Amino acid sequence: MSEMLKATKEQTMALINQPAPMVDGHSFFKEGAAMIHQTQMTYQNSANRRRGIMNN
């Protein structure tokens, strides 16, 4: 691995020993899904407005 990265052994070990970031799957998908839904609604509403269909 150190040969691939052109790094010293110390740098490689420091990289390997980094703690993995904590990502809670539930919160990630809950917030992500809400954001995706809002984006879809915004797009749909603007598309409908162009066609003359109004909805909230």
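Worth pointing out:
- Count of residues meeting criterion [aromatic (Phe, Trp, Tyr) and modelled with pLDDT of 75 or more] in segment 23-56: 1
- Cβ separations smaller than 9 Å between residues 6+ apart or across chains give no pair from segment 27-44 residues that are surrounded by 10 or more Cβ atoms within 10 Å (Cβ to Cβ) to residues that are modelled with pLDDT of 85 or more and of a type outside the set (Ser, Thr, Tyr).
- Conditions (1) modelled with pLDDT under 80; (2) surrounded by 10 or more Cβ atoms within 10 Å (Cβ to Cβ); (3) assigned to a helix (DSSP H, G or I); (4) of a type outside the set (Phe, Trp, Tyr); number of the one not met by residue 10: (2)
The values are calculated or read from the model by the stated rules, or taken from the named source; none is laboratory data. These numbers come from a predicted model, not from an experiment. As a convention, Cβ positions derive from the backbone with ideal geometry for all residues, glycine included, and neighbour counts pool all protein chains shown.
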